[in-house]
Every structure is written in structure tokens, then in C-alpha cells.
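Undergrad: Encoded as C-alpha cells, here's the structure I'll be asking about.
The values are calculated or read from the model by the stated rules, or taken from the named source; none is laboratory data. Here the structure is a predicted model, which is why all the values come from computation and not from measurement. Note that we place each Cβ from the backbone using ideal geometry, even for glycine, and neighbour counts take in every protein chain shown.
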Amino acid sequence: MNSADVLIIGAGPSGATAGALLNKQGFSCQIIERQHFPRFSIGESLLPQCMDFLDEAGMLEAVNAAGFQRKDGARFLHRGSYATFEFAEQFTPGWGHTFEVVRADFDKILADEAERQGVRITYGQQIESVQVAHDDVRVEATDESGATHRYQGRFLLDASGFGRVLPRLLDLEKPSTFPARRAYFTHIEDRIDHPGYDRDKILVTIHPEHGDVWVWLIPFSNGRASIGVVAEQAFLDALPGEPVDKLKQLVFEDDELGRMLANAVFDTPVNTLFGYSSNVTRMCGEGFALLGNAGEFLDPIFSSGVTIALRSASMAARAVTKTLNNEPVDWDAEFTKPLGDGVATFKAFVETWYEGSLPTVFFSAIQQPRIKRMVCSILAGYAWDTTNPYTSRAKSRIEVLAGHSRAD
């Protein structure tokens, strides 16, 4: 029987970060990871608040040294018009830049840093069963040869991402309120030589004719980029050809984006992700908690996934520390609710994006600089800053702004 104070399912960003933070508190941590690193993962665009959590976990120096593409803002494109947000001009005091990362490299850096700090990671093992109780959790896993491995700990964190191990095994799944959308995505040699392109920013392009269809372009430091399209399944089904044909068609139907990528080489197979939005009935229980995408995943439009993952790891590590030290802790008040408050802000931005209110605000050239800075703070990941009016009642505030913009 392998034992540790904390068992963690998954060595991605939330798992590695939680392990590092708990290790700093003197707790032994064992991460059980199904795959081998490096491995492909989507979600390459970080938000500035990620830097706070990487620093807290002692991993920022390694990330800074990796040579990732600097990211200092976000640009939105629609029918030749741009809306630009500079993170240095946000409302919330905080980081004015972050990185666009190849996730295979980024995730391995974090996992290696966690191991260097003393966290144990076992790769190539699939979780088969779990038992959770106060101060006693049991996990059974099988490796690639079929051998069984058993683990015992005092607390269990699920950082399995889209694998959603505990929601599946503990029957915690809950339908998402978002429509089922599909993403087609790949990595390309972008060969961009275009005077209007800013490589230090993510570019989100709204389709010129279909407002709920959008394309991401995330540049890397090696001349390559991540590109993907998001749309409802029925819309994509109506397009001819294979996924790569559908992706190219939607990319090149925008004149400006098409000019940027005129020389791009689509040299990597196209991946797909369907019905990615998810939710759960609860984020924690006796002896366990869910981190990042294992709990709730909204939509990739604002690149919030890694930020929520790291935030959840930071908050959970503090609550687990109290739990294991037998100190009073209210998990709902100290983890579930505050984490959910920020997620709700992102959710309001996602909902108003697809409803059209938020793009209206973006492309109306927001008249009040202070409001633009507040909106920029959410785009930078600071969705938990309660001094920012747009972290509460965000949807109604955006709809009011959009109404003023349309009236003008």
C-alpha cells in the first residue's frame, strides 16, 4: 500500500500546483497520472492572474525561463475592426502580462517542478475505484501492464481535468446550462507576415456572418500557433468535408484573418472536443475536493480554464491544510462559494458573448476608460476582485452597456 497525506488524481496544472503548495506546508503528496508527460493538451493561452499562483507555488522562475511567447493583452476581430485590451491598463492591481504556452511543455515544467520540490508523481496509471471518508481515502489504480496499485491517504484531490474521475465514480455529474458546442483545433506553422498582427496578444475572430462562431489564434514563440474554431454541432455538420476542411473554410471566410494566414501550413492533424462544458452537484465532500476542469468547465472563449484550475488549487491547498491540521474549516465558505463567485463572473462573460451583448460592448469603443479597465481586469483573470463592479451582476451590467452602445 502506497501512502501519503494527500492523494491527487492528475499531474496537470492544478494537480502539480496543489501538490507543490501542500508540500510547502509539510504534507506528503502522491500524484497519480494516467498519461506520460509531455503529452498534448489544449488551453494554451494563460491569463495574468496565473502568474500569482505560479509564484505562490514556487514555479514562476521555471516558467519564465522556458522562453514561452509573451502575452500582454487580447484582440478581438470582426469584419475588419479590432477591439484591443492591454493587460497593463486593467483596473485591478496585478500582472500586466503572462504567456502563450505549448501545454505539453508547460505542464511538464510544472510537474517536474512539483517533483523537484518533493511531490511524488506516478505516471501511466488509470484510477479504477475510490473510497473517501474523513481522514481515510483509498484509491485503486492499474498500470499499463494490468497490475493493480493501491494508495491510502488522508485527503483526495481530483485534478483529472476533462477525465473528471471523481464526478464519474462518485456520481457527481450535472448537466451544463450551455449548449453543446464543438471545437476543431490544431497547431500550424503560421508564417504570419502581416502589419496588423500583434504576436503578443491572443486573437479572437468572430465569423463575419455567424456571430456565435469564433476562431482563436494563439501564437507560440517558435513560429507556430494554435488555431481552433468553436461552433454548435449542427452548424459544423452542415459544412462539407473533414474537420480540417471545415476549420480552414471558417478561418478563410474572414478576409483579415485569411490574409494573416495566407502562407500558413496546416501540418498537424485536427483534434476535436465536443460538449466540453460541464458541471457538478458539489465541489467537495468528506475527504475530497474537485479542482479546475474536474469540477466545472465553461467555454474556451476567455481562456479561463488554467486560471480557474490554479485558483482552485491555491484555495483547496489552504483548506486541506486546515483540515489535516484539525483546524476549523468551512469548505463551502472557504472554497466552494468564493471559487464559484469568480466562475460565475466568467460565466456571465461567456453568456453575454454568445448572446451578442459583450461583442457589442467590445466593438463600440467603450467610451469610459474606467469601465474598459474594469472589463479588462476580467479578461486578465482577476474575476475574484470584489472591488471591481464587473465581478458582481456582470451580466446585467454588460447588457446595460450594450444597450447604451446600440442606442448610440
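Undergrad: Report, ordered by the first and then the second residue, all pairs with beta carbons closer than 7 Å, sequence separation of six or more or different chains, a first member in segment 176-198 that is among the acidic types (Asp, Glu) and buried (at least 18 other Cβ atoms within 10 Å of the Cβ), and a second member that is assigned to a strand (DSSP E or B) and at pLDDT 90 or above.
TA: Final answer for the pair search is ASP190/PRO219; ASP190/ARG224; ASP190/ALA225.
Undergrad: Part of a helix (DSSP H, G or I) and surrounded by 14 or more Cβ atoms within 10 Å (Cβ to Cβ): is that true of TYR354 in this structure?
TA: Considered against the rule, which asks whether it is part of a helix (DSSP H, G or I) and surrounded by 14 or more Cβ atoms within 10 Å (Cβ to Cβ), TYR354 comes out as yes.
Undergrad: What are the residue pairs meeting all of these: first residue in segment 47-74, first residue at positive phi, second residue assigned to a helix (DSSP H, G or I) and at pLDDT below 95, Cβ atoms under 7 Å, and 6 or more apart or on different chains?
TA: Pairs found: none.
Undergrad: A further question follows. Confirm whether ASN293 is at pLDDT 95 or above and either in a helix (DSSP H, G or I) or closer than 21 Å to VAL137 by Cβ (or both). Give the steps one after another, and end with the answer.
TA: Numbers: at pLDDT 95 or above: no; either in a helix (DSSP H, G or I) or closer than 21 Å to VAL137 by Cβ (or both): yes.
So ASN293 does not fit the description; no.
Undergrad: Let me ask something else. For segment 254-276, how many residues meet the condition of being closer than 29 Å to LYS347 by Cβ and either acidic (Asp, Glu) or crowded, with 18+ Cβ neighbours inside 10 Å (or both)?
TA: 4
Undergrad: For GLY73, state whether it is within 22 Å of ARG311 (Cβ to Cβ), touching a helix residue (DSSP H, G or I) at 6+ places or on another chain (Cβ under 9 Å) and surrounded by fewer than 20 Cβ atoms within 10 Å (Cβ to Cβ).
TA: The answer is no for GLY73.
Undergrad: Since ARG311 meets every condition but one in (1) within 19 Å of the chain's Cα centre (by Cα); (2) touching a residue at least 60 places away in the same chain (Cβ under 8 Å); (3) surrounded by fewer than 23 Cβ atoms within 10 Å (Cβ to Cβ), which condition does it not meet?
TA: (3)
Undergrad: Turning to a different aspect of this structure: Consider VAL350 carefully, then state whether it is in contact (Cβ under 8 Å) with a residue 60 or more places away in the chain, outside the structural domain of LEU47 (by TED's automatic domain parsing) and of a type in the set (Val, Ile, Thr). Give the derivation first.
TA: Working: in contact (Cβ under 8 Å) with a residue 60 or more places away in the chain: yes; outside the structural domain of LEU47 (by TED's automatic domain parsing): yes; of a type in the set (Val, Ile, Thr): yes.
Spelling it out, VAL350 is indeed in contact (Cβ under 8 Å) with a residue 60 or more places away in the chain, outside the structural domain of LEU47 (by TED's automatic domain parsing) and of a type in the set (Val, Ile, Thr).
Undergrad: Tell me which residues, restricted to segment 1-39, are hydrophobic (A, V, I, L, M, F, W, C), farther than 19 Å from GLN125 by Cβ and assigned to a loop (DSSP other than H, G, I, E, B).
TA: Of everything in segment 1-39, just one residue is hydrophobic (A, V, I, L, M, F, W, C), farther than 19 Å from GLN125 by Cβ and assigned to a loop (DSSP other than H, G, I, E, B), namely PHE27.
Undergrad: Among residues belonging to segment 371-408 that are in a loop (DSSP other than H, G, I, E, B) and out of contact with any Phe, Trp or Tyr (no Cβ under 9 Å at 6 or more places or on another chain), point out the one that is nearest to LYS201 (Cα to Cα).
TA: Top of the filtered list is TRP384.
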